[in-house]
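What follows draws every value from the coordinates through simple rules; no lab data is involved. Quantities reported herein were computed from a predicted structural model and do not represent experimental measurements. Backbone-built Cβ (ideal geometry, glycine too); neighbour counts: all protein chains shown.
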Amino acid sequence: MVVYGKHIVELILLKYQYLIENIYLAKEVDKSFFGLLKKTKKQIIKLDAKKAQAMARGGNHQGYLLEIKPLEVLEFSKIKEMDFVLVLCGISDVGNLGSIFRSAYALGVDGIVVCGIKDFKQEGVLRASSGAMLGMPFCIVHNPLDVINELKQSDFTLFGTSMQGKDLQNALSGKKALFLGSEGHGLSNKILAKMDYNLTIPMKREFDSLNVGVAGAILIDRITNGRN
């Protein structure tokens with residue numbers, strides 16, 4: 001898959017060189033950056049502006065493009081060995097997924113389970129996460145109910161999200177999983193009924209909801225650090 005833009009290209013060069021298959025440049029770069037490229041021992045291919053724009057599908061590539069290997073999708077059994085897991089149910093919007101991966105990586109989630117979507121667009125989510133997805137272990141499981149049953153058997157405490165849930169005051173210990181649903185529908189009643197606890201975020205003003213990426217970040221922090 002193709003990634004582009006100076007920030008994410010530099011991140012991959014510094015931390016994830018093993019993913020690189022081809023390097024493309026559509027501009028002149030300074031000596032230090034070119035030295036970083038040369039250390040990969042990969043061929044550096046020069047592109048004209050038209051070819052670079054086509055390769056980035058109109059995105060803002062800034063003259064920096066990489067072709068990288070697909071990211072590793074873990075087996076669910078590996079996720080069950082972790083302590084703090086995020087389970088995304090039916091969230092298909094690339095921007096929301098990228099935001100959640102970014103927050104999860106920054107705030108200490110150990111792994112993510114993606115459920116209930118037909119096509120998980122790695123390339124788009126990677127860009128939307130500003131590269132954070134590179135460091136976040138994840139797996140894909142079709143049925144969230146299977147995830148629930150297996151996590152319960154692995155001694156996880158399960159937390160759902162609902163407007164009728166409770167405000168979380170204190171940080172939580174032990175193995176835990178936070179379930180987030182899509183903005184349009186949230187978590188189904190069947191899923192909510194299987195949670196150990198359902199959480200909400202009290203609003204200071206008369207407004208009924210937050211973007212799922214923002215809400216997820218707040219709840220991840222509450223679970224990790226408590227409210228105060």
For this session: Pull up all non-local amide H partners of residue 117: gap of 5 or more, or a different chain, and H-to-H distance under 5 Å with H placed in the peptide plane.
Result: 90
Exercise. What is the dipole size for the chain, taken about its Cα centre, with +1 at each Lys and Arg Cβ and -1 at each Asp and Glu Cβ, in debye to the nearest 20?
Worked result: 680
Problem set entry | Most fluctuating residue given options 108, 58, 181, as computed from a GNM of the chain linking Cα atoms under 10 Å | 58
For this session: Choose one of 157, 99, 45: the residue whose Cα lies farthest towards the positive end of the charge dipole of the chain (beta-carbon charges +1 Lys, Arg; -1 Asp, Glu; about the Cα centre).
Result: 45
Exercise. Ranked from highest to lowest mean number of other Cβ atoms within 10 Å per residue, what is the order of the peptides 150-156, 95-101?
Worked result: 95-101, 150-156
Exercise. Setting aside same-chain residues fewer than 8 positions from residue 194, which lysines have a Cα under 18 Å from its Cα?
Worked result: 80, 152, 166, 175, 176
For this session: Pull out a ≥ b ≥ c, the square roots of the eigenvalues of the alpha-carbon gyration tensor of the stretch 2-68, then state rounded if a/c is under 1.5, prolate if not and a/b is larger than b/c, and oblate in the remaining case.
Result: prolate
Exercise. Given springs between every Cα pair under 10 Å in a Gaussian network model of the chain, which of 63, 131, 111 has the largest fluctuation?
Worked result: 63
Exercise. Straight-line reach from residue 42: which lysines have Cα under 27 Å away, leaving out those fewer than 8 places along the same chain?
Worked result: 6, 15, 27, 31, 50, 51, 69, 121
For this session: Any aspartates and glutamates with Cα under 19 Å of the residue 204 Cα? List them, leaving off those in the same chain fewer than 8 positions away.
Result: 167, 221
